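S.K.: Just passing along the structure, written as structure tokens.
Values in this text are rule-based calculations from the coordinates and carry no lab data. No experiment lies behind these values; they were computed from the predicted model shown. Glycine gets a Cβ as well: all are built from the backbone with ideal geometry, and neighbour counts include every protein chain shown.
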Ligand SMILES: Cc1cc2nc3c(=O)[nH]c(=O)nc-3n(C[C@H](O)[C@H](O)[C@H](O)COP(=O)(O)O)c2cc1C
């Protein structure tokens, strides 16, 4: 293991994501989000990365959903990106913290108005009796918030994965892939290469 506090995995991640945005047909920012409940049972689903900086990786969701409940029980998560066009992957582990109410408000209000109404209408992860029930809820909330700013539902929030470990995987011939892991050490990072 080498000490490379001058290395910046966040900059490397941003550079890979920027490349993927040019080559992936859609949703280069899609990532698998793995959580585990208090019994340790794992769970995984896709979400969209909506912000990344030295503080971590941000997504938004309904915190009354399964993922929200699991994160409330166990505020740790893992993320996985796979950019097929580039034959590259990134995986991340870290603790999870809430983004500020202001940050959630700002992102919520940057979304399409219909998506804001959708956030009110969807009781994410709870049983849906019929498609009609969802459409009715959309119509009700659209009427309720017909004028003015749509307020952010309190349950609709951002979460930040504060990375403790970030691995970059790149395809190499004959499955002798390149794996570089960055491990958080205080304010900096150490790095190690792994066998593929
Ligand atoms: C490409 C893609 C992106 C998605 N992005 C989000 C997202 O940013 N936030 C979200 O709540 N759900 C997103 N979803 C839906 C989730 O995968 C999932 O169905 C939903 O959040 C409920 O998950 P849960 O029951 O584990 O809480 C996305 C699905 C796909 C396929």
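S.K.: Taking a ≥ b ≥ c as the square roots of the Cα gyration tensor eigenvalues, with a/c under 1.5 meaning rounded and otherwise prolate when a/b beats b/c, else oblate, which class fits segment 63-110?
M.R.: Taking the square roots of the gyration eigenvalues as a ≥ b ≥ c, segment 63-110 is oblate.
S.K.: For the chain, find the longest principal axis of its Cα atoms and tell me its angle to the long axis of helix 101-110, 0 to 90°, nearest 10.
M.R.: 70
S.K.: Further, regarding this structure: Given a Förster distance of 25 angstrom, what is the FRET efficiency for residue 179 paired with residue 8, based on the Cβ-Cβ distance and rounded to 0.05?
M.R.: Here the calculated transfer efficiency is 0.85.
S.K.: In nm, to one decimal, how far is the modelled label at residue 54 from the one at residue 144, with both set 7 Å along Cα→Cβ?
M.R.: In this crude spin-label approximation the distance works out to 4.2 nm.
S.K.: Rounded, prolate or oblate, given the Cα gyration tensor of segment 99-155, with a/c below 1.5 counting as rounded?
M.R.: It is oblate, given that a/c is not under 1.5 and a/b is not larger than b/c.
S.K.: Using a/c under 1.5 as the rounded threshold, could you call the chain rounded, prolate or oblate? The axes a ≥ b ≥ c are square roots of the C-alpha gyration tensor eigenvalues, and prolate needs a/b larger than b/c, oblate otherwise.
M.R.: prolate
S.K.: Modelled label-to-label distance, residue 95 and residue 38, 7 Å Cα→beta-carbon offset: nm?
M.R.: 1.9
S.K.: Report the extension gain between residue 112 and residue 18 in nm, rounded to one decimal, defined as 0.36 nm multiplied by the number of residues separating them, less their alpha carbon distance.
M.R.: 31.5 nm
S.K.: In addition: What nm value, rounded to one decimal, do you get for the distance between residue 187 and residue 154 when each label is placed 7 Å out toward the C-beta?
M.R.: Each label point lies 7 Å from its Cα, and together they span 3.9 nm.
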